[in-house]
Each structure stands twice: as C-alpha cells, then as structure tokens.
Amino acid sequence: MGKKTYSFMMTRIFGFVVATAGVLAISTGVARADSDYPTGPVRIIVPFSAGGSTDQIARSLADGLGKLWKKPVVIENREGANGTIGARVVSEAKADGYTLLFGTQTTLTVMPYILPSIPYDADKDFSPITELVNAAQLLSVPKASKFNSLKDLIDYAKAHPGELNYGGGYGATTDMAMRLLMSKAGVDLQGIPYKGSALAMNDLLGGRLDTMFDVVTTSLPHVQSGGLRALAVTSESRFEPLPDVPTVAEQGYPGFKTNVWFGLFAPAGTPADIIQKISDDSRSVLNEPERKKNLTSSGFRIVASEPAAFTKLVEEENKTWSGLVKAYNMKMQ
C-alpha cells in the first residue's frame, strides 16, 4: 500500500470516527436535556380572566406540576378577544416547552372560523399535548317553565319559530351547543348574546330567558336547589348526579354529543419527548386522589389523554364546528 493511499484511508477513517462521535454527542446531549425538562420556570397562558372555572383548573394543574417538577409553574392570564390574545402569545413563543396554552374548543376550534383576522393558524401553530378534563352541558329551563322535556321544547319551537330565546356568548360553548341542537331538530330559537354565562344564568333563573345550555359545573347547583329544571345532558351517557335526566341522544337525536373540554397545547415544533413528558406528568397530577376528588365532585371528568388522542379530538371538533359556523354564516370582526 502506497503512502498516499494509506494517508487517504486514514483521513477517511478519522473523519468518519469524528463525525460519528459528534452525532452521538449531540443525540446524547438532546436526550439528557429533554430528560431534565424542565430546568427552569414554565408558564401556562390562560386566555381568560382569573377566577373562572378555566382559570381554577389551570391553577390546580400548575400547583401539581410545580410540586412534581420542583420548578415554578406560573399561570399568566391574557384575556380578551374570546381567548385569541392569549393563544397568539403561545403561537409566537419559542417551541421549547416553557410556554404552554391552556386551551378550550372556543379558542382553538370555533373562533378560527368566526374571526377572519385571527392572529394565528390554529391548525399549524400549536401541538396538542393532552385533553385534561371535560364536562357535559345541561339544557335547562326556569322552574316555572311549561316545558318538562326536550320534546316539549322542540315541539313548541317548531310551532312557534323564533319565539323562544336562549342565552350564551356568540360562538361560546353555550351558543354552539344550542346551534347544534337547532340544526339537528330543524328549529329556530333566538340567541341573546351575553358577555359571560353568569349573566345569562341570572336571567334564566329569573325567567327572562326561555332556555339555555351551560356546563354542568354551573347548572347543577341550580337544578339541585330547584331553581332550574334540566331537560337534557349533552354527554354520551347520563350525568351521574342527575340520573333521571336523559341525554340529548336518547331523546331522538342519536350521535348528539358535545362536551366542554380543557387541554394543554405547546407551540408547533416543540420536541415530541417534551410533549409526552408534559402529558404523562399532567396525567399523574390530575389523578392524585385529592385533586381528582375536587375536580370530579365539581362535575368535571378526568381525561388526561395521550397527545395522539387529543390531536384526533381537535380534528373532529374542527369538522363539527367549522360546518356549523358555515351553516349559520357566523362572523365576528
């Protein structure tokens, strides 16, 4: 073997060894960095005001994750524009797992179709991590209402188009659930927009509204006290605290299901192993006995899904709500 050939071969071998060592060092470094996540504070953006049910769930999760990770997990409320202001903050954040979005279907699967100038692409700018919890909605009427069943309500609405009203924020879960029912039943009720469901609930209790969908966590106390009469629940199965209230599906609308869900999202491009770790750790936190008891006693159902399952849910919700928005020609400026 000549000196030139030997020198060439040794150069190639040395180069291969160096390159391989570099790749191994990089991959090992990434694995070590990800396994150590988080190494600093994590912030969860809640795109709604402090004090509501969304904020309360987020703070419970942040408390548990902070204790588990031994790092601060900070809730940052960025309310406004139906949650789109907070969502934009996360869409523009670094994809490293240190800025997360506490999202709902309103922000991620309804508003993108209602707001033509929404400041993010809900399909491309976020990576779903986990559906944390969900809750069914109750369709209720005031205690003095003449309607004792969903059939009573629908029959009257068919005979008197546009006469009955319902409350809910435009594009909110309360509003979208009613539009879904109207589309399936072929009826028309007049929507009365409210800035918040609490205001609408006050008018329902006072008899100034004919009916309304609202999350069970809010409606249940009023049904139990006799202030409201529940006609139907939106979940697939009956709501355990109200076993005599049938589902919408049971009452002639098979396949009807709509839950209010709360989930975590990361900026698109966040490493898959970090997303998986957040999902796994969120599941552990939510299933802690005391935390689980507090959430379920309030009417929430613990889900803590895998990222793939949550991604599938978001895709299904997009199909449902985009079609409904189009059917009702819903637009906001």
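The values are calculated or read from the model by the stated rules, or taken from the named source; none is laboratory data. Keep in mind it's a predicted model, so treat the numbers as computed, not measured. Neighbour counts are summed over all protein chains in view; Cβ atoms, including those assigned to glycine, are modelled from backbone coordinates with ideal geometry.
Scanning region 266-285 for any residue that is surrounded by 17 or more Cβ atoms within 10 Å (Cβ to Cβ) and modelled with pLDDT under 95 turns up nothing. Summed over region 214-258, the residues that are hydrophobic (A, V, I, L, M, F, W, C) and assigned to a helix (DSSP H, G or I) give a count of 4.
G97 meets the conditions (1) of a type outside the set (V, I, T); (2) under 21 Å from A309 (Cβ atoms); (3) not in a loop (DSSP other than H, G, I, E, B) in every case but one. The failed one is (3).
Please tell me if E131 is of a type in the set (D, E) and crowded, with 20+ Cβ neighbours inside 10 Å. Working first, answer last.
Numbers: of a type in the set (D, E): yes; crowded, with 20+ Cβ neighbours inside 10 Å: yes.
Spelling it out, E131 is indeed of a type in the set (D, E) and crowded, with 20+ Cβ neighbours inside 10 Å.
If we scan region 74-86, do we find a residue that is at pLDDT 95 or above and either touching a helix residue (DSSP H, G or I) at 6+ places or on another chain (Cβ under 6 Å) or β-branched (V, I, T) (or both)? Checked region 74-86: at least one residue is at pLDDT 95 or above and either touching a helix residue (DSSP H, G or I) at 6+ places or on another chain (Cβ under 6 Å) or β-branched (V, I, T) (or both). Residues in region 70-81: is at least one surrounded by fewer than 19 Cβ atoms within 10 Å (Cβ to Cβ), within 30 Å of G186 (Cβ to Cβ) and in the same structural domain as V314 (by TED's automatic domain parsing)? No - not one qualifying residue is present in region 70-81. Of all residues in region 259-302, those that are in a helix (DSSP H, G or I) and either among the β-branched types (V, I, T) or touching a helix residue (DSSP H, G or I) at 6+ places or on another chain (Cβ under 9 Å) (or both) total 18.
Pick from D125, D155: which is farther than 24 Å from Q224 by Cα, at pLDDT 95 or above, outside the structural domain of D203 (by TED's automatic domain parsing) and charged (D, E, K, R)? Break it down into steps so the answer makes sense when it comes.
Numbers: D155 fails: outside the structural domain of D203 (by TED's automatic domain parsing).
Just a single option satisfies the conditions, and that option is D125.
Annotation: T211 fulfils all but one of (1) farther than 22 Å from I154 by Cβ; (2) touching a helix residue (DSSP H, G or I) at 6+ places or on another chain (Cβ under 9 Å); the unmet one is (1).
Each residue in region 303-333 was checked for being assigned to a helix (DSSP H, G or I), of a type outside the set (A, V, I, L, M, F, W, C) and touching a Leu at 6+ places or on another chain (Cβ under 9 Å), and 3 of them qualify. Is it the case that some residue within region 94-105 is surrounded by fewer than 19 Cβ atoms within 10 Å (Cβ to Cβ) and assigned by TED's automatic domain parsing to the domain that holds T211? Within region 94-105 (the criterion being surrounded by fewer than 19 Cβ atoms within 10 Å (Cβ to Cβ) and assigned by TED's automatic domain parsing to the domain that holds T211), the answer is no, since none of the residues qualifies. The single residue among A62, A50 that is assigned to a helix (DSSP H, G or I) and either touching a Leu at 6+ places or on another chain (Cβ under 8 Å) or farther than 30 Å from I154 by Cβ (or both) turns out to be A62.
Kindly provide the set of residues from region 192-213 that are under 17 Å from N82 (Cβ atoms) and modelled with pLDDT of 95 or more, ordered by number. First the steps, then the outcome.
Taking region 192-213 as the starting set, the residues that turn out to be under 17 Å from N82 (Cβ atoms) are 193-200.
Once the filter is applied, which keeps residues that are under 17 Å from N82 (Cβ atoms) and modelled with pLDDT of 95 or more, region 192-213 yields nothing.
Restricting the first member to region 279-294 and to residues that are in contact (Cβ under 8 Å) with a residue 12 or more places away in the chain and closer than 21 Å to P307 by Cβ, and the second to residues that are of a type in the set (D, E, K, R) and assigned to a helix (DSSP H, G or I), the beta-carbon pairs closer than 9 Å and six or more apart or on different chains are V285/D63; V285/K67; V285/R291; L286/K292. Right, G191: closer than 17 Å to A327 by Cβ, surrounded by fewer than 22 Cβ atoms within 10 Å (Cβ to Cβ) and without any contact (Cβ under 8 Å) to a residue 60 or more places away in the chain or not? Spelling it out, G191 is indeed closer than 17 Å to A327 by Cβ, surrounded by fewer than 22 Cβ atoms within 10 Å (Cβ to Cβ) and without any contact (Cβ under 8 Å) to a residue 60 or more places away in the chain.
Wholly within region 101-213, which strands (runs of 3 or more DSSP E) include no fewer than the required count, namely at least 3 residues that are polar (S, T, N, Q) and closer than 30 Å to N294 by Cβ?
Values: elements: 126-135, 137-142, 165-167, 190-192.
Those strands (runs of 3 or more DSSP E) span 126-135.
Among the residues making up region 101-128, those that are touching a residue at least 40 places away in the same chain (Cβ under 8 Å) and of a type in the set (V, I, T) are T104, T106, T107, T109, V110, I114.
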